[in-house]
Amino acid sequence: MNTPDAEGAKVRASTERTAAPQAALLQALQRNIARVFLGRPEVVRHVVTGLLAGGHVLLEDVPGVGKTVLAKSLARSMDADFRRVQFTPDLLPSDILGVAIYDQGTGAFEFKPGPVFTQILLADEINRATPRTQSALLEAMNDAQVSVDRTSHPLPTPFFVIATQNPYEFEGTYPLPESQLDRFMLRIRIGYPSEADEKQIVRAQQVRHPLDELETVVTADDILGLQATARRVRLEDSVLDYALAVVRETRAEKHLSVGASPRATIALTRAAQAHALVAGRDFVLPDDIKALAVPVLAHRVVGAGLGSEDGRDERERIIRELIDRLEVPI
């Protein structure tokens with residue numbers, strides 16, 4: 001007869017056997033991406049976190065800092081369907097979602113799926129398309145399905161959108177509406193590489209692009225398993241209370257006219273679970289909440305007297321300051 005201690009030991013051993021290969025997969029995935037996207041491991045970690053949390057990621061920075069390379073390196077590291085859509089002012093919603101075409105032979109409409117029917121979608125320079133086309137992704141990102149002519153079509157799993165955009169002061173860009181921004185779990189800045197990393201980037205591309213030689217290290221089924229594991233990462237009440245306090249502080253902050261919503265709280269906690277898993281833990285720490293507060297919350301709040309896309313630096317500063325002044329649970 002098994003004692004409770006023996007049963008507990010069995011459960012712990014089973015968990016360790018499961019966790020070990022998953023940890024190896026995550027390390028291999030991050031190392032593979034870092035072969036191409038050099039010198040910014042925290043950015044890679046955030047993108048992988050968004051993928052495991054079942055969210056979507058918005059990469060924002062000036063042209064030429066590696067946004068598209070990062071997205072492509074993730075896609076090539078996975079044995080998954082991948083499509084890239086270059087967003088332009090003349091792009092139509094049907095160019096992304098697909099269209100129903102009348103078949104004279106059958107006398108019925110046949111749905112021709114668009115590029116959104118993939119597992120990894122790179123929406124390149126999303127803010128160069130009109131708001132109408134940007135909004136075409138809303139249902140897909142929120143519900144993993146597309147509705148055309150009152151018929152819903154499910155998307156493949158996993159479904160992950162990596163969107164890139166240039167700063168709004170660049171000519172020919174359209175601000176993303178608040179409803180669209182809110183569908184991105186994380187909004188990440190890339191930043192410039194260090195001098196040493198930039199030299200290595202130039203050397204690496206002298207003959208051919210390292211993307212051409214990037215190997216697949218994980219499968220789509222691996223990612224689905226990791227996503228399920230991330231949802232089971234322990235979130236103690238004390239850490240959940242801390243996350244709630246961070247979000248509620250944004251609503252009380254006098255320099256913000258709009259604070260973070262309950263959807264933001266869910267995004268923050270799910271991202272924290274995935275972040276802990278990426279770090280090799282099966283429990284969330286307050287440090288996970290602190291690390292993700294800016295990329296998860298800053299694009300979901302509005303500065304007093306500013307529009308949703310004004311004062312990005314200011315909003316990030318406010319989030320950092322409220323994190324600094326809140327008591328961290330022990």
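No lab work stands behind these numbers, since they all come straight from the coordinates. This structure is a prediction, so every number in the text was calculated from the model and none was measured. Because the Cβ atoms are built from the backbone with ideal geometry, glycine has one as well, and the counts that use them run over all protein chains shown.
Through the Karplus equation 6.51 cos²θ - 1.76 cosθ + 1.60, θ set to phi - 60°, convert the phi angles of the stretch 104-113 into ³J(HN,Hα) values in whole Hz; use x for Gly and Pro.
5, x, 9, x, 9, 8, 10, 7, 9, x
Output the direction-averaged projected area (hull surface divided by four) of the convex hull of the alpha-carbon atoms of the stretch 65-211, in nm².
Values: hull surface 46.0 nm².
With every direction weighted equally, the projected area is 11.5 nm².
Work out from phi, with θ = phi - 60° and the Karplus expression 6.51 cos²θ - 1.76 cosθ + 1.60, the ³J(HN,Hα) of each residue of the stretch 182-196, listed in order in whole Hz, and give x for Gly and Pro.
5, 7, 8, 5, 10, 10, 10, 8, 8, x, 7, x, 5, 4, 5
Pop the C-beta distance of V62 and E321 into the FRET formula with R0 = 41 Å and round what comes out to the nearest 0.05.
Details: r = 26 Å, r/R0 = 0.63.
The calculated FRET efficiency here is 0.95.
I'd like the Karplus ³J(HN,Hα) series for the stretch 208-213: coefficients 6.51, -1.76, 1.60, θ = phi - 60°, whole numbers in Hz, and an x wherever there's a Gly or Pro.
Once θ is set to phi - 60°, the couplings for the stretch 208-213 become 8, 7, x, 4, 4, 10 Hz.
Find the relative contact order for the stretch 146-268 and round it to a whole percent, using C-alpha pairs within less than 8 Å whose residues are 6+ positions apart.
Relative contact order here is 19 percent.
Along each of its three principal axes, how wide is the spread of alpha-carbon positions in the stretch 232-330, in whole angstrom units, largest first?
Projected onto the principal axes, the Cα atoms of the stretch 232-330 cover 41, 23, 20 Å.
Given H placed 1.01 Å from N in the peptide plane, which residues other than close sequence neighbours of V99 have an amide H under 5 Å from its amide H?
K112, G114
Just rank T133, T229, fewest to most, by other beta-carbon atoms within 10 angstrom. Mind dumping the intermediate values first?
Working: T133 23, T229 18.
Listing T133, T229 from fewest to most nearby Cβ atoms yields T229, T133.
Modelled label-to-label distance, L138 and A196, 7 Å Cα→beta-carbon offset: nm?
4.8
Can you pull the semi-axes for the stretch 204-244, root of five times each eigenvalue of the Cα gyration tensor, sorted largest first, whole Å? Can you show the working numbers first?
Working: eigenvalues 295, 55, 6 Å².
Taking √(5λ) for each Cα gyration eigenvalue gives 38, 17, 5 Å.
According to a simple spin-label model (label point 7 Å from Cα along Cα-to-Cβ), what is the distance in nm between V207 and R84?
2.3
Can you sort T130, T118 by how many other beta carbons sit within 10 Å, fewest first? All intermediate terms of the calculation are to be shown ahead of the outcome.
Values: T130 16, T118 21.
The fewest-first ordering by Cβ neighbours comes to T130, T118.
Of the DSSP beta bridges with both residues in the chain, give the percent that are antiparallel, rounding to the nearest 5.
40
Given only helices, namely DSSP H runs of n ≥ 4 each adding -39500 (n - 2.57), what is the per-residue ellipticity at 222 nm of the chain, to the nearest 500 deg cm²/dmol?
On the way: 13 runs with 155 residues, N = 330.
Calculated at 222 nm, the ellipticity per residue is -14500 deg cm²/dmol.
Hey, can you rank 92-104, 197-209 by average C-beta count inside 10 Å, highest first? It would help to have the intermediate numbers written out before the result.
On the way: 92-104: 14.8, 197-209: 11.5.
Output ranking for 92-104, 197-209: 92-104, 197-209.
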